[in-house]
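Before any comments, here is the structure.
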Amino acid sequence: MIATETVRRPEASFRDPSGFVFELGGRIFRAVDASCLEVIRGLADQGLLAELIDAGRVVPTRIVEPGADLEALREAAPGAAGYLEHQRIDPISYPAEWSPAMLADAGIATLELQERLLRHGWSLKDATAYNIQFVRGRPVFIDLASIERIARPDVWPALGQFNRMFTLPLLLQRLRGADLRGIFLSHLDGLDPEEARGAFSPLGLMRPGLLADLTLPWLLGRLARRDPATTSTSRPACAAGPAVQLANLRRLRRKLRALADGSRRSTWSDYADTCSYSDRAEESKMLSIRDFLDQHRPPSVLDVGCNTGRYALLAADSGARVVAIDRDAASVDLLYRRVRAAGADVLPLCVDLANPTPAIGFRNRERPAFLERVRADCVLALAVIHHLHVSANLPLDRIRDLLADLAGRHLVLEFVPTDDGMFRRLTRFRADLYGDFTLQRCIASFSRRFELLLRRPVADSPRTLLFWKKRSSA
């Protein structure tokens with residue numbers, strides 16, 4: 001379904017017409033109130049809506065005109081002034097799953113959209129990161145209901161939220177090594193200056209890179225709490241033009257680019273260069289997987305433990321729509337940059353399969369869990385089974401069931417035995433509890449839910465590739 005700040009089904013209670021998004025007949029619609037419908041028509045009449053869609057900045061959208069569709073929509077979501085149809089985006093992702101470069105690009109896309117709207121007399125009334133989704137490595141804005149007629153061209157009311165959702169998390173990630181997943185799972189509306197400033201000493205708050213976006217907002221907020229009279233809720237008329245706001249938008253854009261460019265590398269982001277594979281082993285593995293993908297042509301692929309995405313990109317080249325996950329943000333960052341440059345149909349995400357993104361938001365229904373949102377025709381589980389078994393302490397049968405739940409039809413599993421160098425590295429300081437972790441036991445376990453199609457050793461390596469088809473009763 002399309003990604004939205006709130007995704008609701010038609011049977012859900014209808015409270016806010018401008019936020020009601022639902023699926024009907026496999027298509028995605030939004031019920032809107034009269035003011036939102038007027039805004040969308042205004043954008044369309046200006047030609048700005050078509051311009052933004054053609055540029056890939058906003059999700060393709062049309063106003064549903066009178067006809068058969070309209071009657072069905074009125075029955076599914078009564079009480080709305082009108083309806084929009086959005087192009088389907090599937091699967092959706094959330095900021096807790098993005099790498100630093102993805103979050104920065106989402107912020108930059110928000111700033112560029114605000115600048116474009118500002119020049120045409122419009123503005124964004126909110127700047128949440130949940131208004132962005134990624135399509136082929138590009139951030140796309142999806143919440144057209146958050147566009148309004150501009151009130152004051154010199155002031156952007158959504159600036160505070162923008163900094164909470166983008167600037168401050170990226171500052172803490174870059175300067176303090178903060179985990180974006182942890183920030184967004186515990187702060188749905190982003191990081192407040194009061195919370196962010198605790199990561200820095202009083203002297204550190206005086207550094208130039210923090211003054212405008214952290215230190216000053218924190219001091220002003222503190223002053224307002226002490227003396228509420230210093231904060232006015234009214235917005236007096238102002239004859240100033242948009243020059244000040246435009247200058248600040250451009251400053252923030254430069255800042256986010258710099259923060260993203262400073263992303264750190266990690267042990268796992270360099271894995272392709274430092275792993276125990278020989279060139280011959282890697283070539284053997286690539287050829288086997290390419291042959292399987294070319295033969296079966298899965299329409300969708302989930303690459304688990306994708307690292308920097310060599311096989312995710314291989315799957316995309318075969319015509320699949322790919323979701324590639326890894327727990328290491330630096331590895332996902334590298335893959336995202338490659339996907340962005342190539343325009344590949346790959347969605348890279350920072351997800352630990354042993355501890356995937358939970359359902360979050362109101363009643364844990366506002367934003368579904370990763371395991372609810374993502375399924376694939378084919379799952380690639382390459383060089384990951386030993387991590388799930390050793391690091392996550394999952395028995396083979398639990399690993400099998402997890403992968404079977406994700407795989408619609410096929411599974412490509414790379415078995416890593418206990419005498420493999422990477423397995424020995426994982427168990428270096430652990431008791432030897434893995435004597436029964438054998439290829440034969442793995443095949444016996446997975447055969448309960450999969451049919452083994454092909455068993456192929458990886459040349460010049462103790463590893464084995466196992467190609468499976470999911471049993472119809474599994």
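What number in nm² do you get for segment 29-159 if you take the convex hull of its Cα atoms and divide its surface by four? List each step's numbers first, then the result.
On the way: hull surface 34.4 nm².
Its Cα hull, projected and averaged over all orientations, spans 8.6 nm².
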Checklist outcome for this item: Once phi for every residue in segment 110-125 is put through the Karplus expression 6.51 cos²θ - 1.76 cosθ + 1.60 (θ = phi - 60°), the whole-Hz ³J(HN,Hα) values, with Gly and Pro written as x, are 5, 5, 5, 5, 4, 5, 5, 5, 4, 5, 10, x, 10, 7, 8, 8
Item to check | Amide hydrogen neighbours beyond the local backbone of Arg321, cut-off 5 Å, H modeled | outcome: Ser300, Val301
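For the chain, what relative contact order do you get, as a whole percent, if you take Cα pairs closer than 8 Å and at least 6 residues apart? Display every interim value, and only then the final one.
Numbers: 783 pairs, mean separation 60.4, N = 474.
Result for the chain is 13 percent.
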Checklist outcome for this item: Scalar couplings 3J(HN,Hα) for segment 135-146 by Karplus 6.51 cos²θ - 1.76 cosθ + 1.60 (θ = phi - 60°), nearest whole Hz, x for Gly and Pro, are 10, 6, x, 10, x, 10, 7, 10, 9, 5, 5, 8
Checklist entry - Reachable aspartates and glutamates from Lys469, Cα under 12 Å, same-chain residues fewer than 8 places away excluded? => result Asp377, Glu451
Checklist outcome for this item: Expressed in angstrom and ordered largest first, the alpha-carbon extents of segment 120-254 along the principal axes are 47, 41, 25
Checklist entry - What aspartates and glutamates sit close enough to Lys285 to cross-link, taking a C-alpha to C-alpha distance under 13 Å and skipping anything fewer than 8 places away on the same chain? => result Glu414, Asp460
Next on the checklist: Tell me the net charge near Leu168. Cut-off is 12 Å between Cβ atoms, Leu168 excluded, with +1 for each Lys or Arg and -1 for each Asp or Glu.
Outcome noted: 0
Checklist entry - Using the heavy atoms of the protein chains alone and a 1.4 angstrom probe, what is the accessible area of the chain per residue in square angstrom? => result 45 Å²
Checklist outcome for this item: Rounded to the nearest 10 Å², the accessible area of Glu51 using a 1.4 Å probe with every protein chain kept is 80 Å²
Checklist entry - Heavy-atom accessible area of Arg373 with all protein chains present, probe 1.4 Å, nearest 10 Å²? => result 30 Å²
Checklist entry - Given Cα pairs under 8 Å that are at least 6 residues apart, what percent is the relative contact order of segment 295-415? => result 25 percent
Checklist entry - Excluding same-chain residues fewer than 8 positions from Lys255, which lysines have a Cα within less than 19 Å of its Cα? => result none
Next on the checklist: Give me, ordered by chain and number, the residues 5 or more places off Leu453 or on other chains with an amide H under 5 Å from its own placed amide H.
Outcome noted: Phe467, Trp468, Lys469
Checklist entry - Out of residues 5 or more away from Val135 or on other chains, whose amide H comes under 5 Å of its own, with H placed 1.01 Å from N in the peptide plane? => result Val140
Item to check | Rg over Rh [alpha-carbon atoms, Kirkwood Rh] for segment 414-474 | outcome: 1.04
Checklist outcome for this item: Karplus ³J(HN,Hα) for segment 366-374 (6.51 cos²θ - 1.76 cosθ + 1.60, θ = phi - 60°; Hz, whole; x = Gly/Pro) runs 5, 9, x, 5, 4, 5, 7, 8, 10
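The values are calculated or read from the model by the stated rules, or taken from the named source; none is laboratory data. Note that the coordinates shown come from a computational prediction; the quantities given were computed from them, not determined experimentally. Note that each Cβ is placed from the backbone with ideal geometry, even for glycine, and that neighbours are counted across all protein chains shown. What goes into the accessible areas is simple: the full protein's heavy atoms, side chains included, and nothing from ligands, DNA or RNA. Shrake-Rupley method; radii C 1.70, N 1.55, O 1.52, S 1.80 Å.
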